[in-house]
Amino acid sequence: MLQDTFGRIHDYLRISLTDNCNFRCSYCMPVEEMEWMPQSKLMSKDEILKLAEIFVSLGVNKIRLTGGEPLVRKEFPEILAGIAKMGVESTLTTNGVLIHKHIQALKDAGVRSVNVSLDTLNREKFQKLTRRDQFEQVWDNILLLLQEGFRVKVNAVALHGMIEEEICDFVKVTEKLPLHIRFIEFMPFSGNHWSSKQVVTAKQMLDLVQTQFPIEKLEDKKHDTAKKYQVPGFEGTFAFITTMSEHFCGDCNRMRLTADGKIKNCLFGKEELDLLAALRSGLEVIPLIKMSILRKHQALGGQFSQDYKKADPDKIDNRSMITIGG
Ligand code: SAM
Ligand code: SF4
């Protein structure tokens, strides 16, 4: 069991399969041209599965595959199948554009829930944001996932200047479709030119939704990162991930393994330990995992406080989101 000094048990691992991506979302990757990691630095398929197995032996019961874009990794189906054999809940966060090519692999692995990122319902805005003209393919794939019986959560980063005019359209979508839309407050990462002025808080978004819809608060489960709501009678739900305005570090159970094999005990933590180097040199990995968890800060990686307006992005030492694995 992986318990930190604050009594939090860590049983949920997110594995980044690659730092590469077929989209170019400006809030996620450095505005400056990115240099992808060389293949030799990335965990191989066997190394991913070996490390995953070690985490499972330490009590991990849920593994999310992420990236970069996990579906651009050639061995995605084999990696997913390998993880499915470990008897843990396996799931995926994806930009959705390649889902149609992997739907059978997801079914075969027993995946039940998929998170698809989509920040706008407007094709032109989508193209501007991702620098790819693929809104229709992503939307079709969301519908395909629903048709095939998956639970689909849609992650929308709440970008100031965009979410204000779209939030009610997103909520409207949940009238007829059983989608679970999660609005994520914009977070600071290396190279994404974050400023507190660009953050639209859950409270501000909720106020906007309430100008058009009656809403009902739904019950949130332990470890849920999202605060859930529904318009009575609608098929789907909507929720807010309030990392900036009200963090949920108190019952955090999450750890991350980057595509180059470093364990990160927190999305915002700067401390990393190199599990891949240890594995490649034949050294023990378990003590490093335990050490990482014992070093975990109480909140927000120890890098900024609850008052996000005081956060200074230049003082936050971290990777870009695309190289962490959200
Ligand atoms: N490529 C996949 C995708 O887009 O879903 C998986 C990786 S992406 C880094 C994981 C999640 O992080 C996405 O939902 C994305 O919207 C979110 N994300 C990236 N940068 C963010 C930021 N600065 N603030 C909030 N969420 C962010
Ligand atoms: Fe790629 Fe996902 Fe980051 Fe967009 S959010 S650049 S799709 S990794």
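Here are the numbers:
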| read-out | value |
| --- | --- |
| In nm, spacing of pseudo-spin labels at Thr211 and Glu284 (7 Å Cα→C-beta vector) | 6.0 |
| Antiparallel %, DSSP beta bridges [both residues in the stretch 12-324], to 5 | 25 |
| Distance in nm between pseudo-label sites at Asp169 and Arg112 (7 Å out along the Cβ direction from Cα) | 3.3 |
| Calculated P(r) tail over 34 Å for the stretch 12-324, as whole % of Cα pairs | 18 |
| Solvent-accessible area per residue for the chain (1.4 angstrom probe, square angstrom) | 44 |
| Those residues of the stretch 139-161 whose amide nitrogen sits under 19 Å from the label point placed on Lys101, 7 Å along Cα→Cβ | 139-145 |
| Translational diffusion coefficient (Stokes-Einstein; Kirkwood radius from C-alpha pairs) of the stretch 1-146 at 37 °C, 0.692 mPa s, in µm²/s | 200 |
| Amide H partners (placed H, <5 Å) of Ser113, local residues excluded | Arg151 |
| Subset of Lys197/Lys296; Lys74/Lys125; Lys50/Lys262; Lys125/Lys172; Lys153/Lys270 violating a 24 Å alpha-carbon distance limit | Lys197/Lys296; Lys74/Lys125; Lys153/Lys270 |
| Modelled FRET efficiency - R0 22 Å, Glu124 with Ser26, Cβ distances, 0.05 increments | 0.90 |
| Residues in the stretch 193-222 that a label on Arg131 would reach, taking backbone N under 15 Å of a point 7 Å out along Cα→Cβ | 193 |
| Phe6-Lys315 pseudo-label distance in nm [points 7 Å out on the Cα-to-Cβ vector] | 1.9 |
| Structure-based [θ]222 nm, the chain - -39500 (n - 2.57) summed over DSSP H runs of at least 4, per residue, nearest 500 | -8000 deg cm²/dmol |
| More than 17 Å apart - percent of Cα-Cα pairs taken over the stretch 57-114 | 29 |
| Isotropic mean projected area of the C-alpha convex hull, the stretch 126-271 (nm²) | 10.5 |
| Helix runs (DSSP H) in the chain reaching 30 Å along axis by Cα, Kyte-Doolittle at least 0.0 | none |
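The values are calculated or read from the model by the stated rules, or taken from the named source; none is laboratory data. All of these numbers come straight from a predicted model, not from anything done at the bench. Using ideal geometry, Cβ is built from the backbone for each residue, glycine included, and neighbour counts are taken over all protein chains shown. Accessible surface areas use protein heavy atoms only, side chains included; no ligands, DNA or RNA. Shrake-Rupley method; radii C 1.70, N 1.55, O 1.52, S 1.80 Å.
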